[in-house]
Amino acid sequence: MVRGDQAVEELERSLDAGLKGLKINSHLQGFVLSDPIVHPLVEVCREYDAPLYAHTGTPITAEPFQLAELARTFPDVTMVMGHMGYTDFWYDAVPAALQSENVYLETSLIDIMNIQNAIEKVGAERILFGSDYPESDLSLELEKIAMIEMSDEARRRILSENALEV
Amino acid sequence: MSVIDSHAHIMLDSYASLPPVEPERVMEGFARYGVEQAWFSSADALVSNQTDEHRRSNDRMAELQQRFAPHFVAFATVNPRRGDEAARELERAVSELGARGLKIHGWLQPVSCTDPCLEPLLATANRLKLPVLFHDGTPPFTSSLQIGYLAERYPSCTMILGHGGLKDLAVTAAQTAHRHENVYLQTCATTLLSLRRALDLVGPDKILYGSDGGFADMQWVDYNIQKIRKWNLPAAVEEKILGGNAMRLLNG
């Protein structure tokens, strides 16, 4: 990430080879999620119409509002809020998503109550199923979604259709 | 197999944006998923800073413990920043009301686990040989290693890391439980991968099943039990984690 042009070239090479998006984990990679250091890579995502997935929930470098800030800077790039701010930034996940319509919320690890709240406040059309496998268990995360009452359409959207659209 | 949930909450009054939940509904929810006993603390009292409110809360928790015995075990709450006053309320909750433990939630209450104001409270818990359940995993007030520091100072007090380091401090939570004989880990909010690693380091005798349940979504209890089942543990180890360790800890 801190390698600037080299990172841009590698992302372009990867997307040319058929990869579908960019994953960043700012607290492991060592930068604040909204730092301009990431902008050249987001511009590549925009050029290729590729989504950006960001781990969130880890202060001080991977917080939901930092992703929202980045999303507002690049409103035409789809950004996925990994884990919805799990663990202690779940308070911020929905308010941050409401700041920028290009933010999607991803369900792994986060609890049922917060997913229900996101469906109600943000809408099922902006929620993506994720497992975080192998950190979590795929069947466990699927069963968690099954436990949540929602319409058949909302369930289809969360489990597959939204991801296919993204 | 008896399941003991060592990390549960009851909402006697509203807490932030969450409404209270009838105790009967909570108890039915735990029973529905096969939980024989749960250790409760009051979620709403954790955000109070008034000692008289803690007194009322502890009184009500004692009533519930009596009413739902042996399924309901009460953990006391106090304002940990109140030093001697907090220690006196803990002593009352234990000796007069029968509370079986203390809950401290550093970032809600809020107090750093290394703040000296905790000393009278923890000295009392230590003297009473009381388990203390900490929220852990959240810097800057409640990192697992901070609680390890307390465990060294109060060795007669069993200290429970309520979230096994949550996600990002799971490594340090396991290290803390490994280093200190009187530190236990709970499973709620820790990922399966982290739990597997913790088991390798800590062993099967100091890991306690907990759900952090009792709020509106009682299915969360089921989710957390299923998480333990999907660990695919040997039956004897699963039995310890789901209940055996907690039973030994509370009853000696």
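The values are calculated or read from the model by the stated rules, or taken from the named source; none is laboratory data. Keep in mind it's a predicted model, so treat the numbers as computed, not measured. Backbone-built Cβ (ideal geometry, glycine too); neighbour counts: all protein chains shown.
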Being assigned to a helix (DSSP H, G or I), out of contact with any His (no Cβ under 8 Å at 6 or more places or on another chain) and away from every other protein chain (no Cβ under 14 Å) is the filter here, so list the residues in segment A:69-91 that pass it. A:E69, A:L70, A:A71, A:R72
Can you work out which of the residues in segment B:233-243 that are more than 19 Å from the chain's Cα centre (by Cα) and within 22 Å of B:G165 (Cβ to Cβ) is nearest to the other protein chains (Cβ to nearest Cβ)? B:L233
Of all residues making up segment A:1-39, the number that are in contact with a Gly (Cβ under 9 Å, 6 or more places away or on another chain) and more than 16 Å from A:L52 (Cβ to Cβ): 1
Residue among B:G243, B:G210 that is at pLDDT 95 or above, small (G, A, S) and either farther than 28 Å from A:E149 by Cα or surrounded by fewer than 22 Cβ atoms within 10 Å (Cβ to Cβ) (or both): B:G243
Hey, could you check segment A:127-148 for residues that are of a type in the set (G, A, S) and surrounded by fewer than 17 Cβ atoms within 10 Å (Cβ to Cβ) and say which is farthest from the other protein chains (Cβ to nearest Cβ)? A:A146
Residue hits (segment B:119-142; within 18 Å of B:L46 (Cα to Cα) and either among the polar types (S, T, N, Q) or touching a residue at least 40 places away in the same chain (Cβ under 8 Å) (or both)) are B:L121, B:P131, B:L133, B:G137, B:T138, B:T142
Cβ-Cβ distance below 7 Å, separation of 6 or more or different chains: which pairs start in segment B:155-183 with a residue that is away from chain A (no Cβ under 12 Å) and more than 15 Å from B:A125 (Cβ to Cβ) and end on one that is of a type in the set (K, R) and not in a loop (DSSP other than H, G, I, E, B)? B:A174/B:R197; B:A177/B:K206
When B:W220 is run through (1) among the aromatic types (F, W, Y); (2) in a helix (DSSP H, G or I); (3) more than 13 Å from chain A (Cβ to nearest Cβ), the failure sits at (3)
Take segment B:1-48 and flag every residue that is among the charged types (D, E, K, R) and touching a strand residue (DSSP E or B) at 6+ places or on another chain (Cβ under 7 Å). B:D5, B:E36, B:D44
If you go through A:Q6, A:Q66, the only one that is in contact with an Asp or Glu (Cβ under 9 Å, 6 or more places away or on another chain) and not in a loop (DSSP other than H, G, I, E, B) is A:Q66
Could you look through segment A:95-110, keep only residues that are closer than 23 Å to B:N224 by Cβ and touching a helix residue (DSSP H, G or I) at 6+ places or on another chain (Cβ under 6 Å), and pick out the one that is farthest from the other protein chains (Cβ to nearest Cβ)? A:L105
Filter pass, B:A246 being touching a residue at least 12 places away in the same chain (Cβ under 8 Å) and within 14 Å of another protein chain (Cβ to nearest Cβ): no
Among the candidates A:P59, A:P95, which residue alone is in contact with a Pro (Cβ under 9 Å, 6 or more places away or on another chain) and under 25 Å from B:D136 (Cβ atoms)? A:P59
So, in segment A:28-49, how many residues would count as being assigned to a loop (DSSP other than H, G, I, E, B), surrounded by 19 or more Cβ atoms within 10 Å (Cβ to Cβ) and hydrophobic (A, V, I, L, M, F, W, C)? 1
Please work out which residue is farthest from the other protein chains (Cβ to nearest Cβ), limiting yourself to segment A:149-166 and to residues that are over 23 Å from B:A189 (Cα atoms) and among the aliphatic types (A, V, I, L, M). A:L164
Report yes if A:T61 is buried (at least 23 other Cβ atoms within 10 Å of the Cβ), of a type in the set (S, T, Y), within 14 Å of chain B (Cβ to nearest Cβ) and within 19 Å of A:L22 (Cα to Cα), otherwise no. no
If you go through segment B:192-210 one residue at a time, do you hit one that is within 14 Å of chain A (Cβ to nearest Cβ), touching a Cys at 6+ places or on another chain (Cβ under 8 Å) and not aromatic (F, W, Y)? yes
